[in-house]
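In what follows, a single structure is set out as structure tokens and then discussed.
The values are calculated or read from the model by the stated rules, or taken from the named source; none is laboratory data. All values derive from a computational prediction rather than experimental measurement. Here the Cβ positions follow ideal geometry from the backbone for every residue, glycine too, while neighbour counts run over all protein chains shown. Surface accessibility is based on the protein's heavy atoms, side chains included, excluding ligands, DNA and RNA. Shrake-Rupley method; radii C 1.70, N 1.55, O 1.52, S 1.80 Å.
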Amino acid sequence: MKSKNVLINKTVPGMILAKDVIDFSGQILVSKGTTLTDKIISKLQFHSIKSLMICVNKNGELIKENTQSATSEQTLHESHLSKIRKTEEFLTFQKDFNCCVENFQSYMEEVITTNEPLDTTNLLRSIHDVLDNSRNAIHLFDMINSMRNYDDNTYTHCVNVSLICHVFGQWIHLPQSEIGILTLCGLFHDIGKLEIPQSIIMKPDKLTEDEYQTIKQHTLIGYDLLKDRAIDDRIKYASLMHHERKDGSGYPNQLTGDEIEDFSKIVAIVDVYDALTSKRVYRDPLSPFEVLLVFEKDGYTKYDPSYLIVFFEQMFQTYVTNTVRLSDGSEGKIIMLNKHALAEPVVQVGNTFIDLSKNKSLFIQAII
Ligand SMILES: [Fe+2]
């Protein structure tokens, strides 16, 4: 069959590999004939593969298979979440979570139109009501991930980021008052999106350059909405700076390193984590492990390493002893983390111990 060289960032699920993909040490990462999925593409990007040989038909057009079957791996992650959705705890969490989102939504609509002062104490109370339903960080993440199929608007995203920021504040041992501010940084970070047309925010297809430029304005709009309010400056900066990146590749001001305010650096990590673990019209949510692979790929150039390491270690620690499904279909338990390759832990399958940092042909597809 004919083939064509395609840059990795131009590949999409459904394309068929015409040649084995081999890493620098000569190991096969993915075999020829494999139908690409989001996860396989993420994995290959993680291994810094720049382009792939893809099958084309006799007219030279790229062949694309229906990817319905390729998403079956998602089913296992879903089964873990569907068990949680049936618990009493989840139903209570869902009720308080929805209440918090509605409260935040109606409150913000009023604040924006009337210029009323912000009652942050009331907003924090409703965030705490949700947090009171979760026993620990992993439980909270499971609950948030179980909500994914229900709603996914700007308000929901802000509440998610706010809840995770709260946990992050505990991880880095901030005093309670500072945790409150970081929580509010998360809650207000995307507030500027409320003034961007919904048709652009919810657009399922790739954005045009003009639309992307419009979306980027939400940082400046958010700062403008908050700048004259009697709230901590770090909350205002978070709305302005959460898309800035350490290497200057972010927006709106291409700030670098410590020009970015500390709490904005944390919100940036949490924001990306939440976006990737959310369901989108064009893709299924990534499992937390897949997200961490994405972060490991270029995270250290874009995000503050000290916060990224905290995030990695805490997230992975919570997954030790979890059962996972590997890319060859086998199931095992994570028994030990690799300090220098957190996304590639040691997994016990039956009586065999597989060190994923040494066996590059396997990777974790789902937590089950
Ligand atoms: Fe944003």
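Structure data summary
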| read-out | value |
| --- | --- |
| Distant-in-sequence amide H partners of L356 (H built 1.01 Å from N, under 5 Å) | V346, V347 |
| Long-range HN-HN contacts of S3 with modeled amide H, under 5 Å | V56 |
| Peptides ranked, highest mean first, by Cβ atoms within 10 Å: ranges 235-247, 326-338, 109-121, 6-18 | 235-247, 6-18, 326-338, 109-121 |
| Phi to ³J(HN,Hα) by Karplus 6.51 cos²θ - 1.76 cosθ + 1.60 over region 177-193, Hz, x for Gly, Pro | 5, 5, 4, x, 5, 4, 4, 6, 4, x, 5, 9, 4, 9, 4, x, 5 |
| Accessible area of the chain divided out per residue, in Å², using a probe of 1.4 angstrom | 46 |
| Label point at D224 placed 7 Å out along Cα→Cβ; residues across region 186-216 whose backbone nitrogen lies under 20 Å | 188-202, 210-216 |
| Distance between modelled label sites at Q176 and H128, nm, 7 Å Cα→Cβ extension | 0.7 |
| Overall dimensions of region 320-367 as given by Cα atoms, namely Rg and Dmax in Å | 9.3, 25 |
| Long-range HN-HN contacts of I22 with modeled amide H, under 5 Å | L29 |
| Hypothetical label at S306: residues of region 248-270 whose amide nitrogen lies under 14 Å (7 Å Cα-Cβ projection) | 257-266 |
| Ratio of Rg to Rh over the chain (Cα coordinates, Kirkwood Rh, two decimals) | 0.97 |
| Heavy-atom accessible surface of the chain: percent carbon and sulfur, 1.4 Å | 51 |
| Phi-based couplings in Hz for region 287-303 (Karplus 6.51, -1.76, 1.60; Gly and Pro marked x) | 6, x, 5, 5, 5, 5, 5, 4, 5, 5, 4, 10, x, 6, 8, 9, 10 |
